[in-house]
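See below for the structure under consideration.
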Amino acid sequence: MCFRDERQGRYIAFSSDGSLFGWCNGSQVSVIKVSTGDLVKSFDLPKTTALEFSPLNRVLATWQQYTSKKANLQLWDLQTGACIKAFYQKKVTGWCPSWADDESVTVRNVNNELHFFENNDFETIANKLHLQKVSEFALSPGSQPSKVAVYVPGSKGAPSFVRLYQYPNFGGPTSALANKSFFKADKVAMLWNKKATAVLVTASTEVDKTGASYYGEQTLHYVATNGESAVVQLPKNGPIYDVSWNPNSSEFCVVYGFMPAKATVFNHKCESVFDFGTGPRNAAFYSPQGHILVLAGFGNLRGQMEVWDVKKYKQVSKPQAEDTTHFSWCPDGEHIVTSTCSPRLRVSNGYKIWHYTGTVLYKHETPSNKELWEVLWQPFPTGAFPEKPVKYQASPSELGSTEAKPAQAYRPPALRNKPQTASSKLHEEEPPQNMKPGAAGEKQMSKAALKNQKKREAKKAAKQENKPDEAPPPVADSAPASHVTSSCGDPETDKKIKNLKKKLKAIDELKEQQAAGKVMQKNQVIKQCSSA
């Protein structure tokens, strides 16, 4: 590159097409053209802590720590270098305005009200969407017409809700494309699919009132622009760690449940397509082409990755990258990068570039006296790299691979050197299984569905036992009633058989008394039989 900055920079950003690159070095913000390294613009903004490009590279947004004296969110014209508009933005969360891909619409959340601007004219608010206490929004990707998902938290017994609107149709109670209400939501995360046809809403509470989870409670909701909505049924209890849309927009992967966590792919009808079983994972990453899925366990887990061929649902490799704080796919869909960055981890900073078959192609270790803050791939326009057939043989590399060794679960001393039984297992292990009907026999059922089916079968068996034509055969007069010992194993049926024994015994006693010549009144006979 022609332009090189030797000063330390912590905040960097690529434009969406990868043609521009910007950074702040604590003195100024610089923007260069990636292909030549030529300086495009420089801004005197020493306190900038976040920056982002608009989709068509017309505007650069910068954010500084909030003070009451100066507007801290600034929008800059990258052609002229002039400041288009400055806003007050207190929180860094959601600081940057959201642009439509063609920059025809821009939206900001201002005091629980959404302000819409058109064609980068920030002097005039083109439209407003006002709902009581709007706290979150998500603008759809793709071309016009733009859609927006908004979240309003519940209050005073009223449920929280998410609504989808098409810009600029905000007027009237029937203007919403879809509406989904729910309880137990202190906050939400909303994720559009690439085609802007549906949103996944992860609703979370800070505290699980049952005390079952340290992470609070999470539920996952599916809301489509055609008005359909549903709760995504997750077969295992526990937190929802990650939700990821396949770029084809027709299916999504959820990682959930107490460790070892489950991972399941669902279709647009929220039906299970494939269950990856259980394992040490808390994240899911689809390749840009959507043909490969990586399930990974980072953070407090040991960095185990599972690479899957999505079309065949066959595992490609199982590498391991310990102490990983960042993972991302290369736009080519062939390579990935894992890195250990500050401030999450201040030791052993560095990064590795892998082929998805599990081999390490490049390794960089940051010197001990320096820190690595961020690692980014240069973006490319959609379609720049077509999908390639999935390889299963590891790519050659001098650095080799780091295939994860089979982990052995801890066993208490009393159980060591003894055969492993079902009762001695610390966790219930579930293998991967194809959930499509007919893929491997009948579709597998969840534990709850299986339990209900067993109950229905037991009830049906008891009903069959009680039919008159299938009742226990009558006991001969000479045979004592105590010889009736049939049992079907069902408590209700056994109880009825026991009552039948008592009645037969009472009848035998009456016959013996009659044979002895004793005369009994009719009401005595009825009373004795009924008491039995």
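The values are calculated or read from the model by the stated rules, or taken from the named source; none is laboratory data. Keep in mind that this is a model prediction, so the values were computed, not measured. We place every Cβ from the backbone using ideal geometry, glycine too, and count neighbours over all the protein chains shown. Note: areas computed on protein heavy atoms with side chains; ligands, DNA, RNA excluded. Shrake-Rupley method; radii C 1.70, N 1.55, O 1.52, S 1.80 Å.
Table: residues versus (1) under 17 Å from the mean Cα position of the chain (by Cα); (2) at pLDDT below 95; (3) of a type in the set (Asp, Glu).
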position	(1), (2), (3)
THR278	yes, yes, no
ASN282	yes, yes, no
VAL294	yes, no, no
ALA321	no, yes, no
HIS326	no, yes, no
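When restricted to residues that are surrounded by 14 or more Cβ atoms within 10 Å (Cβ to Cβ) and either touching a Lys or Arg at 6+ places or on another chain (Cβ under 7 Å) or outside any loop (DSSP other than H, G, I, E, B) (or both), the stretch 28-39 contains 5.
For the stretch 111-145, filtered to residues that are hydroxyl-bearing (Ser, Thr, Tyr) and either out of contact with any strand residue (DSSP E or B) (no Cβ under 8 Å at 6 or more places or on another chain) or surrounded by fewer than 17 Cβ atoms within 10 Å (Cβ to Cβ) (or both), the residue that is modelled with the highest pLDDT is THR124.
The condition of being in contact (Cβ under 8 Å) with a residue 60 or more places away in the chain and within 28 Å of GLU113 (Cβ to Cβ) holds for only one of THR202, THR225, that being THR225. For the stretch 341-356, taking the residues that are of a type in the set (Ser, Thr, Tyr) and in contact with a strand residue (DSSP E or B) (Cβ under 6 Å, 6 or more places away or on another chain), the one that is nearest to PRO389 (Cα to Cα) is identified as TYR356.
Criterion applied to VAL243, VAL152 was being out of contact with any Gly (no Cβ under 8 Å at 6 or more places or on another chain), crowded, with 16+ Cβ neighbours inside 10 Å and either acidic (Asp, Glu) or within 24 Å of PRO288 (Cβ to Cβ) (or both), and the one residue passing it is VAL243.
For the stretch 345-380, filtering for residues that are modelled with pLDDT under 90 and closer than 26 Å to LYS318 by Cα leaves 3.
Counting the residues of the stretch 264-301 that are open to solvent by 30 Å² or more (accessible area, probe 1.4 Å), farther than 21 Å from VAL223 by Cα and touching a residue at least 60 places away in the same chain (Cβ under 8 Å) gives 3. Scanning the stretch 40-50 for residues that are surrounded by fewer than 22 Cβ atoms within 10 Å (Cβ to Cβ) and not in a loop (DSSP other than H, G, I, E, B) returns VAL40, LYS41, SER42, PHE43, THR49, ALA50.
Restricting the first member to the stretch 342-354 and to residues that are on the phi > 0 side of the Ramachandran plot and part of a strand (DSSP E or B), and the second to residues that are aliphatic (A, V, I, L, M) and surrounded by 13 or more Cβ atoms within 10 Å (Cβ to Cβ), the beta-carbon pairs closer than 8 Å and six or more apart or on different chains are GLY350/LEU372.
Can we say ASP5 is at pLDDT below 95, farther than 22 Å from GLN89 by Cβ and within 30 Å of the chain's Cα centre (by Cα)? When the stated conditions are applied, ASP5 does not pass them.
Taken over the stretch 231-264, the residue count meeting the criterion of being in contact with a Lys or Arg (Cβ under 8 Å, 6 or more places away or on another chain) and in a strand (DSSP E or B) is 7.
Could you tell me whether LEU293 is over 30 Å from VAL201 (Cα atoms) and of a type in the set (A, V, I, L, M)? No: the conditions fail for LEU293.
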